[in-house]
Structures are given as C-alpha cells and as structure tokens.
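Visitor: I have a structure I would like to understand better, so I am pasting it below and will then ask my questions one at a time.
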Amino acid sequence: MKIKLFKSQKISWKLTIYYATIFSLVLMMLSASVLYGIRLYLINQAINKAMDTSNSIIERINGSTGEQMSLDDPELFAAEQDSTISARIVNSKKIMINSLNKFNWSKLQILADNSVKKTEIDKLHLVVANRQILNRDKVIAYLQVVVNMNKEYVFLEALFVLMACADLVGIAISLFAGYLMSRRMLYPIDRITRAAQSISVHDLNRRIEVSQTDDELSRLAKTFNEMIERLHLSFEKQKQFVSDASHELRTPISVILGYIGLIDRWGKEDTDVLHESINAIKNESIGMMELIEKLLFLAKGDSGNQKLKIHEFSFNELIDEVGKESELISQKHLIQYTSVGEISLLADRKMIKQMLRALIDNSVKFTPENGSITLLAYSNNNSVNINIKDTGIGIPSQEVIRIFDRFYRTDKARAKETGGSGLGLAIVKWIVDAHKGKIAVESNIGEGTNITVELPQLMNYKAET
Ligand SMILES: Nc1ncnc2c1ncn2[C@@H]1O[C@H](COP(=O)(O)OP(=O)(O)OP(=O)(O)O)[C@@H](O)[C@H]1O
Ligand SMILES: [Mg+2]
C-alpha cells in the first residue's frame, strides 16, 4: 500500500513540477517583456529629449526664434534647465568652445554627422545626439547633446528586483498550490487503489463509491465496478457449476457403492444379484464417463482450449449419417431426415455431428413412443439451416430461455428416468456460438418442439483456429 501511495504521490509531484515550470516560464517571459518595453519607452523619451534640446539650440544659433546667438555665447544654453542634459559645441578643429553642465567630455567622441544613439560609458547610460552646425551649407561647428539616463536605469533595476521577487513568490505559490491541487485531484485514485486492494475473492459484492461528477476518475470507478460485477457473476456461475457437477457425480458413485455393498453381502453366492449389480455398475460408470466428458468439453470451452478443426464437408452426407445412426438407436420413433439441394459447409464436422446428436437425443428422450422426429436441412442466403422437429412433450414457454443453462432440466423427476444431466444443450449452444451461428426454439406443451440452428456457410475462421 505504501508503494502504491508513493507512486501516486510521484505523479502529483510530476504534475506539480510540470505546471510550475510552465507557469514560471510564462511569468518570467511576461516580466522580461514588461521590463524590455519600459526600457525601450524610456530610451525613446531620452532620444526625444536630446533631439528637442539640440533643435532648440540650433534654432537659437540660426536666430530663427529671435536674435541670432554666437556659438561661444554663454547665454546659448541658458534656457536649458534640465540637470540630466549636458551639451557642448566644438569648432571645426574639434576644440570645445561652449558647454552646458559639467561633464567628462574626454571619454565621448564627437561625431561629424547628424546622429542620435544610446551608449554606455563607464557605467553611465547616455543618449548622445550629434548635430552639424551649418553656415551657408558649410559645416562650421558641431553640437553634442547628452542625456544622462542613470535615474531611469536605477528605476529599471529596482523594477527588475521587484519583478524577480514577485516571480519567485509566484513560483513558490504555484508549486504549493499545484501540489495541493494535484493531490486533491489524484485522491480518488488512492481511494480506488485502496478499495481495489480490499476486494478479495470472498468479497466480490463490494463496490467502489462513484462520485456524482462525470469525469475521468468517476468513469474509471464505474468501469472498475462493472468489471468486478462481471467477475462476480462469472465466479458465481463457476461456483454453481462446480457444486452442480459434484452433486451429479455423487449420485452414480452412491449407486455404485450401494451395489458393491450388495455384492459384498449376497452377490458372492447369488448369481442373479451379481449380474444385476454388475449391470447397474456398468451403466452408472458409462453415465459417469459421459458426464465427465461433457464437463471436460465445457471446461475446455471456458478456458479457451477447445479449438475448432475447420474444413469443408458435405452437409448432406452428415445428415444421412446422423439420420441412419438415429434410426438404428431409436427404433420406436419415426425418424425422417431430408436435406434440400447440395449443401457444403465450412465447419468442425465432429462438433456439428455432436450438436445434431445432442438435439436428436433430446427429441428421442422427450417424445413418446411412435412419435415422429424430422430432421430438415437447407441452405439459405449463405447460411445452412437445420430444423429438428419432434412431436414430444414440449417445453413450458417460461422455461425455454433456461434450457441452455448448464444442468438445467425442466422436469427433475422425469430427468431421473431419462437419465440426462442437463449439459447437452449447453454444449450445443457452445458449438453454435463457436461457429458464429444462431439457435431458436419453438415449443408447445403436448405438441412438440422445433429447434432451428442457423450456421454461416462460408465463415472465415482463420483468426480463431
Ligand atoms: N426436444 C425436447 N422436448 C422437450 N424438452 C426438451 C427437449 N429438448 C430439451 N428439453 C428440455 O431441456 C432440458 C435440457 O436439455 P439438455 O439436452 O441440456 O439436457 P438433458 O437432455 O436433460 O441432459 P443431457 O443432454 O446432458 O443428457 C431437458 O432436460 C428437457 O427438460
Ligand atoms: Mg440432452
């Protein structure tokens, strides 16, 4: 039990780790894209700021907004109040002639073009805008505007730490909640496992509780219960079969023992008693032998060891053979047998003969002397039909469905004198089923019984034989 529970816990751990990994990946991807988006936005802002500042300085130099200012005029940058912005002007010989705010310009190269880009110098995050200052289309100097983005990067770092913490908390929660949830979901499996372990052969009427919800687990429980139900039924049948078989075998053995006692006491001197006893013992032994053969047939059928030996044969010949034998055995009945047209059948000949013999044997047994028994065979729509009709005592309609049950006899008292064990029709049914055929019974009390067997003529048995 411990091993089983550990196994199911392993599944819940697997599920937890699986879902927590997916959840964490999604969480981290989300955080990373948020951080990346904010960073892009902030850099864009800084670029705009650098461009705006450089534009307004150049406007002031060109005098497009008022009085034209000279390149080295200290008032040129007076309008720029933002402490994160630095600027400088260098002349065409790359000598700095004006600047705004203190900045270590030595590390920053001035580019002789109009460009703006984000750069990093000595852990300083900067956006640098380079502009050419023109006079009559000739470059006379260069303007460089630098926006220090360190505050933004401090904010981004803080945001990163915050998000990482939130992610860690999220992962921990997802692990915990995932474990609890998967344990909860898999709990019914533990329950089914425990219930299955507690069901034994002596306890087959126990069932697993099925929850109301129609989910996979309740279906599993239902299927399990159905399986136990089937096992229970077949186990009960088997038990009944064994007890009936033992009972059937006990009677002839008691009779044999009775006669042996008789011989022991008087048979040694009295030859009549001796002969009677030997006869009775012989008959009982033959009966017992027949019974054991029938039991063995059914047992082999149950275990799947009863193999069919399929080949094609003439059904007309088989009908003649069985008919003649029946005439010989039972001369007190009028037996007629006919087969219409040429009928060939692909089947196990020996078994089909056994089936016909069992059916005729019943008709003979349950039809009074001088009654008639008719055997008719014909083929119809790729199937062979065999009709066995008698003018016997008939079967009560409510018992017709039970006559194929093992050991079932409609009239127990009469059975004693007819000597049947109630296995003949069970064997017939097995043979018909094995040949994928059908059997139908029509019977009226006092009028007779009509049994029809329909066998497929060209059945493909390859898979089964
Ligand atoms: N043709 C029939 N007419 C009347 N009753 C029948 C007929 N065939 C079968 N039955 C009834 O069905 C019961 C079961 O038949 P089944 O052949 O299985 O057993 P059985 O003939 O009694 O014994 P066994 O065939 O094992 O020697 C019979 O006992 C009988 O009551
Ligand atoms: Mg019989």
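Visitor: Under 16 Å from the Cα of Lys14, which lysines turn up, not counting those fewer than eight places away in the same chain?
Guide: Leaving aside lysines fewer than 8 places away in the same chain, those within reach of Lys14 are Lys4.
Visitor: For the stretch 229-388, what class follows from the C-alpha gyration tensor (a ≥ b ≥ c being the square roots of its eigenvalues): rounded when a/c is under 1.5, otherwise prolate if a/b is larger than b/c, else oblate? Walk me through the numbers before you get to the answer.
Guide: Values: a/c = 2.74, a/b = 1.43, b/c = 1.91.
Oblate shape, in that a/c is at least 1.5 and b/c is the bigger or equal ratio.
Visitor: So which GluC sites (Glu not before Pro) in the stretch 317-415 pass both tests, a DSSP loop state and at most 16 other Cβ atoms within 10 Å of the Cβ?
Guide: Glu342, Glu369
Visitor: What whole-number value in Å² describes the accessible area per residue of the stretch 239-303 for a 1.4 Å probe?
Guide: I get 68 Å² per residue for this part.
Visitor: What distance in nm separates the two pseudo spin-label positions at Ile22 and Asp270, each 7 Å out from Cα along the beta-carbon direction?
Guide: So the two model labels end up 9.1 nm from each other.
Visitor: Computed FRET efficiency, Cβ-Cβ of Asp411 and Lys222, R0 45 Å: what is it to the nearest 0.05? It would help to have the intermediate numbers written out before the result.
Guide: Values: r = 42 Å, r/R0 = 0.94.
Working from the Cβ atoms, E equals 0.60.
Visitor: Which trypsin sites (Lys or Arg not before Pro) in the stretch 90-180 pass both tests, a DSSP loop state and at most 10 other beta-carbon atoms within 10 Å?
Guide: The qualifying sites are Lys93, Lys102, Lys123, Arg136.
Visitor: What length, rounded to one decimal in nm, is gained on full extension from Lys309 through to Glu442, with 0.36 nm per residue of separation minus their alpha-carbon distance?
Guide: Full extension of this stretch gives 44.8 nm more.
Visitor: Restricting attention to the stretch 147-255, which GluC sites (Glu not before Pro) occupy a DSSP loop and are surrounded by at most 16 other Cβ atoms within 10 Å?
Guide: Of the GluC sites (Glu not before Pro), the ones in loops of the stretch 147-255 whose Cβ has at most 16 other Cβ atoms within 10 Å are Glu209.
Visitor: A further question on this structure: Can you check what the net charge comes to around Arg207, using other residues whose Cβ is under 12 Å from the Cβ of Arg207 (Lys, Arg +1; Asp, Glu -1)? Write out the running numbers ahead of the final one.
Guide: Numbers: positive: Arg206, Lys222; negative: Asp203, Glu209, Glu226, Glu229.
Charge balance near Arg207 sits at -2.
Visitor: Between the helical axis of 271-303 and the dominant principal axis of the chain, each derived from Cα atoms, what acute angle in degrees is found, rounded to the nearest 10?
Guide: For helix 271-303, the angle is close to 20 degrees.
Visitor: Largest first and in whole Å, give the semi-axes of the chain's equivalent ellipsoid, each being the square root of 5 times a Cα gyration tensor eigenvalue.
Guide: Details: eigenvalues 2414, 168, 55 Å².
Equivalent ellipsoid of the chain: 110, 29, 17 Å, largest first.
Visitor: Further question: Going by alpha carbons, how many degrees (0 to 90, nearest 10) lie between the helix axis of 424-434 and the longest principal axis of the chain?
Guide: 40 degrees
Visitor: Taking 0.36 nm per residue of separation and subtracting the Cα-Cα distance, what length does fully extending Leu30 through Glu342 add?
Guide: Extra length available between Leu30 and Glu342 comes to 104.1 nm.
Visitor: Run the numbers for Val242 and Asn44: contour at 0.36 nm per residue of separation, minus the present Cα-Cα distance, in nm.
Guide: Gain in length upon complete extension: 62.2 nm.
Visitor: A further question on this structure: Nothing charged except the Cβ atoms of Lys and Arg (+1) and of Asp and Glu (-1): what's the magnitude of the dipole of the stretch 135-193 about its Cα centre? Round to the nearest 20 debye.
Guide: It comes to approximately 120 debye.
Visitor: Give me the distance between the Cα centres of the stretch 19-49 and the stretch 227-261, rounded to whole Å.
Guide: Their Cα centres are 80 Å away from one another.
Visitor: Taking all protein chains as present, what is the carbon and sulfur share of the accessible area of the chain, in % to the nearest whole number, probe 1.4 Å?
Guide: The computed percentage sits at 57.
Visitor: At 7 Å along Cα-to-Cβ for each site, give me the label-to-label distance between Glu325 and Ser83 in nm.
Guide: Placing both labels 7 Å beyond Cα along the Cβ direction yields 11.9 nm.
Visitor: Something else: Using the heavy atoms of the protein chains alone and a 1.4 angstrom probe, what is the accessible area of the stretch 132-187 per residue in square angstrom?
Guide: 65 Å²
Visitor: What do you get for Rg/Rh over the stretch 2-157 if you use C-alpha atoms and the Kirkwood form of Rh?
Guide: Using Cα coordinates only, the ratio equals 1.35.
Visitor: Follow-up question, since we're still on this one. If the viscosity is 1.002 mPa s and the temperature 20 °C, what translational diffusion coefficient in µm²/s does Stokes-Einstein give for the stretch 311-456 when Rh comes from Kirkwood over Cα pairs?
Guide: For these conditions, the coefficient is 139 µm²/s.
Visitor: Moving on. How long are the semi-axes of the ellipsoid equivalent to the stretch 132-250, from square roots of 5 times the Cα gyration tensor eigenvalues, in whole Å, largest first?
Guide: Sorted largest first and rounded, they come to 82, 17, 9 Å.
Visitor: Per residue, what accessible area does the stretch 311-456 have, given a 1.4 Å probe and all protein chains present, in Å²?
Guide: 50 Å²
Visitor: Say R0 is 25 Å: what FRET efficiency, to the nearest 0.05, do Glu67 and Asn91 get from their beta-carbon distance?
Guide: 0.70
Visitor: For Leu162, Leu231, Leu156, Leu111, give the ranking by accessible area with the largest first, probe 1.4 Å.
Guide: Solvent-accessible surface, decreasing: Leu162, Leu231, Leu111, Leu156.
Visitor: While we're looking at this one, here's another question. From the mean inverse distance of alpha carbon pairs (Kirkwood) and the Cα radius of gyration, derive Rg over Rh for the stretch 239-303.
Guide: With Rg and the Kirkwood Rh in hand, the quotient comes to 1.15.
The values are calculated or read from the model by the stated rules, or taken from the named source; none is laboratory data. Please read these numbers as outputs of a predicted model, since none were measured by experiment. Note: ideal-geometry Cβ built from the backbone for every residue, glycine included; neighbour counts use all protein chains shown. Areas reflect the complete protein model, heavy atoms only, side chains present, ligands, DNA and RNA absent. Shrake-Rupley method; radii C 1.70, N 1.55, O 1.52, S 1.80 Å.
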